[in-house]
Amino acid sequence: MPEIASPRGTRDILPADQAAYRWVLDTHSRVAELHAYRPVETPIIEATELFARAVGSDTDIVEKQMFTFDDRGGRSLTLRPEGTAGVTRAALAARLDQELRPLRLHYAGPMFRAERPQAGRQHQFTQLGIECIGERSASVDAEVVEIAWRFFAALGLHGVQLQVNSLGSPEDRARYREALVAYYEPLRDRLCDDCQRRLDTNPLRLLDCKRDAQFAESAPKIAASLSRESTEFFGRVLEILDTAAIPVTLNPRLVRGLDYYTDTVFEIWHETLSGAQNALGGGGRYDGLAALLGFAATPGCGYALGVERTIMVAKELGVAPGAAAGVDVLVASVDPPQAAAAARQARTLRDAGIRTMLDAGERRLDRKLRSADKAGARLAVVVGEDEVRDGNVTVRDLSQHSQQRVPEAELAALTLRILGMQQ
Ligand code: HAM
């Protein structure tokens, strides 16, 4: 029978990759929690309607990239392509915004998009993010951007570039939409098939088409369609970022691939990521989202970052941690009759908080020691016939090839001392 392969666009996160994942996820939790964000988890499956309304039915994500299926009762469900819609639904359904406003939440987990797989683009990928729900203020937008900035700094990922723009209010966007249609309509026949369709459904998306980039160059800029209020709001965001010494690049063509944004939008790019996949993350303000989901109008702002892309860049820059050893000590029996005694020593070490691997199998001792060394163990505790008879164990330092015999009762204390761990 043929071996079963993993589904297209998915990757296993094998033990050797775990240290880098944990480093990214733990660093993000730490930075988010330093800014008083609390963790939240939402389901991986949601009603399809949630994304159709939130992300927008004319977006690439909803039109082409969702994994959607009917449950046994005939209800349409979707594997979440992003986290903002679910987190907003969860927070407002639980009325958390009535206890505390704004609500500051952070999250991480798998997301699913059926895009053509390539480096940095998978069907299942991991996002981490934050959402600040319940306040419309320039200082919240700046805080959200600053957290992303501080997260990459905490990882030591230099060279990240912050691209920002403002999409203004829904009315500003409607005005801009008209300006874009007026500009692109005479060019319709020269546009790619996708863009001809976008011209009718979602003209803002014309701006980030790679094939028709030459037309985007001279397209009207959104700044000209913004109201005074929107322009001032964006100005305040930029001012605060400036005082935080966070360098930004104004990018009038940055429109993002999700429809829920209003006002501030941003992306974080890195030059080592190429082409369409150059974004480590992105986010912005979404003041209209709650109402689209049927809740009372509630402003919000947040971002999400791609964990796999972050690790790719960190490896490229040489700042990602390598595989970590999963074990400190091997306890090995010499012959099968010592199996129970070896298991007892292993238990004693684990009770003292020492990561211990037990090898009481029938292999020869030198084989056992070799594989313990390969697994990264510092010490081996050898339990043979003599040791069992005398109530001793032999503690061998695998890196220095020295060994000593100690009474069983002293094993845990000695091991903790050699490993440099607290008693
Ligand atoms: P997004 O820009 O669609 O935003 O995704 C954020 C990040 O997720 C991307 O910049 C990228 O690093 C990663 N990502 C997206 N698709 C893939 C893929 N197929 N394979 C690997 N990585 C991918 C959002 O999802 C919004 N929810 C962000 C947000 C939060 N806005 C406000 N709050």
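The values are calculated or read from the model by the stated rules, or taken from the named source; none is laboratory data. A quick note: this is a predicted structure, and the numbers were derived from the prediction, not measured. So basically every Cβ, Gly included, is an ideal-geometry build from the backbone, and we count neighbours across all protein chains shown. Just the protein is used for accessible areas: all its heavy atoms, side chains included, with ligands, DNA and RNA removed. Shrake-Rupley method; radii C 1.70, N 1.55, O 1.52, S 1.80 Å.
Of all the listed residues (ILE44, ILE61), the sole one being out of contact with any His (no Cβ under 9 Å at 6 or more places or on another chain), within 16 Å of ALA108 (Cα to Cα) and hydrophobic (A, V, I, L, M, F, W, C) is ILE44. Of all residues in the range 404-423, which are open to solvent by 40 Å² or more (accessible area, probe 1.4 Å) and within 45 Å of the chain's Cα centre (by Cα)? Across the range 404-423, the qualifying residues are GLU410, ARG417, ILE418, GLY420, MET421, GLN422, GLN423. Among the conditions (1) buried (at least 19 other Cβ atoms within 10 Å of the Cβ); (2) within 16 Å of the ligand (Cβ to nearest atom), the only one that GLN338 does not satisfy is (2).
Residue-wise test of (1) small (Gly, Ala, Ser); (2) more than 9 Å from the ligand (Cβ to nearest atom).
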residue	(1), (2)
MET111	no, no
PRO117	no, no
ARG121	no, no
PHE125	no, no
GLY129	yes, no
ARG136	no, yes
GLU143	no, yes
ALA148	yes, yes
PHE151	no, yes
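The set of residues from the range 239-261 being out of contact with any Asp or Glu (no Cβ under 8 Å at 6 or more places or on another chain) and within 8 Å of the ligand (Cβ to nearest atom) comprises TYR260, TYR261. VAL255: of a type outside the set (D, E, K, R), assigned by TED's automatic domain parsing to the domain that holds THR48, part of a loop (DSSP other than H, G, I, E, B) and closer than 26 Å to GLU171 by Cα, yes or no? Judged against the criteria, VAL255 is a match. Among the residues of the range 242-268, those identified as in contact with a Leu (Cβ under 7 Å, 6 or more places away or on another chain) and among the hydrophobic types (A, V, I, L, M, F, W, C) are ILE246, VAL248, VAL255, VAL265, PHE266, ILE268.
Matching residues to (1) farther than 26 Å from TRP269 by Cα; (2) surrounded by 15 or more Cβ atoms within 10 Å (Cβ to Cβ); (3) touching a Leu at 6+ places or on another chain (Cβ under 7 Å):
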residue: VAL160; (1), (2), (3): no, yes, yes
residue: VAL164; (1), (2), (3): no, yes, yes
residue: ALA174; (1), (2), (3): yes, no, no
residue: ALA179; (1), (2), (3): yes, yes, no
residue: GLN214; (1), (2), (3): no, no, no
residue: ILE222; (1), (2), (3): no, yes, yes
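Confirm whether LEU187 is more than 14 Å from the ligand (Cβ to nearest atom) and either open to solvent by less than 20 Å² (accessible area, probe 1.4 Å) or assigned to a strand (DSSP E or B) (or both). Spelling it out, it is not the case that LEU187 is more than 14 Å from the ligand (Cβ to nearest atom) and either open to solvent by less than 20 Å² (accessible area, probe 1.4 Å) or assigned to a strand (DSSP E or B) (or both).
Take GLY384 and tell me if it is open to solvent by 20 Å² or more (accessible area, probe 1.4 Å) and without any contact (Cβ under 8 Å) to a residue 60 or more places away in the chain.
No, not satisfied.
Out of all the residues in the range 225-236, is one or more modelled with pLDDT of 95 or more, assigned by TED's automatic domain parsing to the domain that holds ALA138, within 16 Å of the ligand (Cβ to nearest atom) and open to solvent by less than 70 Å² (accessible area, probe 1.4 Å)? No, because not a single residue in the range 225-236 is modelled with pLDDT of 95 or more, assigned by TED's automatic domain parsing to the domain that holds ALA138, within 16 Å of the ligand (Cβ to nearest atom) and open to solvent by less than 70 Å² (accessible area, probe 1.4 Å). Between a first residue in the range 333-348 that is over 14 Å from GLY361 (Cβ atoms) and a second residue that is open to solvent by less than 50 Å² (accessible area, probe 1.4 Å) and assigned to a helix (DSSP H, G or I), which pairs have beta carbons less than 9 Å apart while being 6 or more apart in sequence or on different chains? From the range 333-348, the pairs are ALA341/GLU387; GLN345/LEU411; THR348/LEU411; THR348/ALA412.
Per the conditions (1) surrounded by 15 or more Cβ atoms within 10 Å (Cβ to Cβ); (2) in contact (Cβ under 8 Å) with a residue 40 or more places away in the chain; (3) more than 12 Å from the ligand (Cβ to nearest atom); (4) outside any helix (DSSP H, G or I), the sole criterion not satisfied by ALA36 is (1). Checked against (1) open to solvent by 60 Å² or more (accessible area, probe 1.4 Å); (2) in contact (Cβ under 8 Å) with a residue 12 or more places away in the chain; (3) among the hydroxyl-bearing types (Ser, Thr, Tyr), THR27 passes all but a single condition, namely (1). Among the residues of the range 59-79, those identified as under 22 Å from PRO117 (Cα atoms) and in contact with a helix residue (DSSP H, G or I) (Cβ under 6 Å, 6 or more places away or on another chain) are VAL62, THR68, THR78.
Screening CYS192 on (1) within 16 Å of the ligand (Cβ to nearest atom); (2) over 22 Å from ARG285 (Cα atoms) shows it passes everything except condition (1).
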